[in-house]
Amino acid sequence: MKAYSITDIGKKRSMNQDYVYASDQPVGNLKNLLIVADGMGGHNAGDLASRYTVQEMLAYIKESEEDRPVPLLSMAIHHANEQVLEKAESEKELEGMGTTLVAATVQDEYLYVANVGDSRLYLIDDGIEQITHDHSLVEEMIRIGELQRKDAKNYPDRNVITRAIGVRVPVRVDFFDVKLEHGDKILLCSDGLTNMVEDEEILEIVRKNSSIEEAAGALVDTANKNGGKDNISVVLAEIE
């Protein structure tokens, strides 16, 4: 597997509260690790929440003897969630900080994914498939029939998320596993990309660029060209 990451402040924000991590080399007992976290909170709190969450996850994974990917990701996320809550409680200016999290690892022929919040993971081959489910108010409204998907992008509370790291113990995490094929591409991203670029355009951009580095850069450029209303983060990996 080959992986590449990029994050951009966008056109409207004064600070980048996203944090990305991509290693195609072993991290502890995981053969590789991909993460996107999109922080929330005033001042520096969102920036700290996303960075601190990833750092605490990495520290846990590197020390753990667990070698099963799903239990290891789960324990690392629960550990990071507890650490973020403790830090927020110890410093008043960090009160209310939190972050989304989408993390993935490829072990043999399978992709294992963990998700909290509305940062997404897509599998791209001949088409594009969203693997994760958004933990957001609009997704819940769509699920129960109160909102049409075509109206979701313009809904006033579209940025309200229903799950995040740093809100409560225990955190609720969704897990997914997908069998991979040679040439598949894996995209992890914050909503700064998906709110600005439609899925079909994401697919077209990834297809027409010969390298994942070029594709990731083009995705960020397109999100900025379309308004860049939020921080934009992309982790793109290719199964070789």
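Has region 42-50 got any residue that is free of Cβ contacts under 8 Å to residues at least 40 places away in the same chain and of a type in the set (G, A, S)? Scanning region 42-50 turns up no residue that is free of Cβ contacts under 8 Å to residues at least 40 places away in the same chain and of a type in the set (G, A, S). Scanning region 143-179 for residues that are within 20 Å of D38 (Cβ to Cβ) and among the aliphatic types (A, V, I, L, M), we see that the one that is surrounded by the fewest Cβ atoms within 10 Å (Cβ to Cβ) is V160.
Go through region 216-240 and report how many residues are closer than 28 Å to S14 by Cβ, crowded, with 22+ Cβ neighbours inside 10 Å and not hydroxyl-bearing (S, T, Y). I'd like the intermediate steps shown before the answer.
Step one: list which residues in region 216-240 are closer than 28 Å to S14 by Cβ, which gives 216-236.
Of the ones still in play, those that are also crowded, with 22+ Cβ neighbours inside 10 Å are 216, 219-220, 223, 230-236.
Pick out the ones that are also not hydroxyl-bearing (S, T, Y) and you get 216, 219-220, 223, 230-232, 234-236.
So the answer is 10.
Looking only at region 109-156, which residues are among the charged types (D, E, K, R), touching a His at 6+ places or on another chain (Cβ under 8 Å) and part of a loop (DSSP other than H, G, I, E, B)? Once the filter is applied, which keeps residues that are among the charged types (D, E, K, R), touching a His at 6+ places or on another chain (Cβ under 8 Å) and part of a loop (DSSP other than H, G, I, E, B), region 109-156 yields only D118.
For region 16-46, the tally of residues that are at pLDDT 95 or above and either of a type in the set (D, E) or not in a strand (DSSP E or B) (or both) stands at 11.
Among the residues of region 82-105 satisfying the criterion of being assigned to a helix (DSSP H, G or I) and polar (S, T, N, Q), which is modelled with the lowest pLDDT? If you could, list the steps in order and put the result at the bottom.
In the first step, residues of region 82-105 are kept if they are assigned to a helix (DSSP H, G or I); the result is 82-90, 92-94.
Next cut, polar (S, T, N, Q) only: 83, 90.
Working: Q83: 97, S90: 91.
That would be S90.
Within region 1-27, being small (G, A, S) and free of Cβ contacts under 8 Å to residues at least 60 places away in the same chain holds for S14, S23.
Are there helices (runs of 4 or more DSSP H) fully within region 158-240 with at least 3 residues that are more than 15 Å from G127 (Cα to Cα)? List them.
Ranges flagged: 191-194, 212-225.
For the condition over 30 Å from Q83 (Cβ atoms), at pLDDT 95 or above and not aromatic (F, W, Y), N209 qualifies. Looking across region 40-66, the residues that are under 15 Å from S14 (Cβ atoms) and more than 15 Å from the chain's Cα centre (by Cα) come down to G41, G42, H43, N44, A45. Of the residues in region 59-81, not one is touching a helix residue (DSSP H, G or I) at 6+ places or on another chain (Cβ under 7 Å), part of a helix (DSSP H, G or I) and over 22 Å from Y112 (Cα atoms).
The values are calculated or read from the model by the stated rules, or taken from the named source; none is laboratory data. Remember, predicted model here, so these are calculated numbers, not experimental data. Every residue, glycine among them, receives a Cβ derived from its backbone with ideal geometry; neighbour counts consider all protein chains shown.
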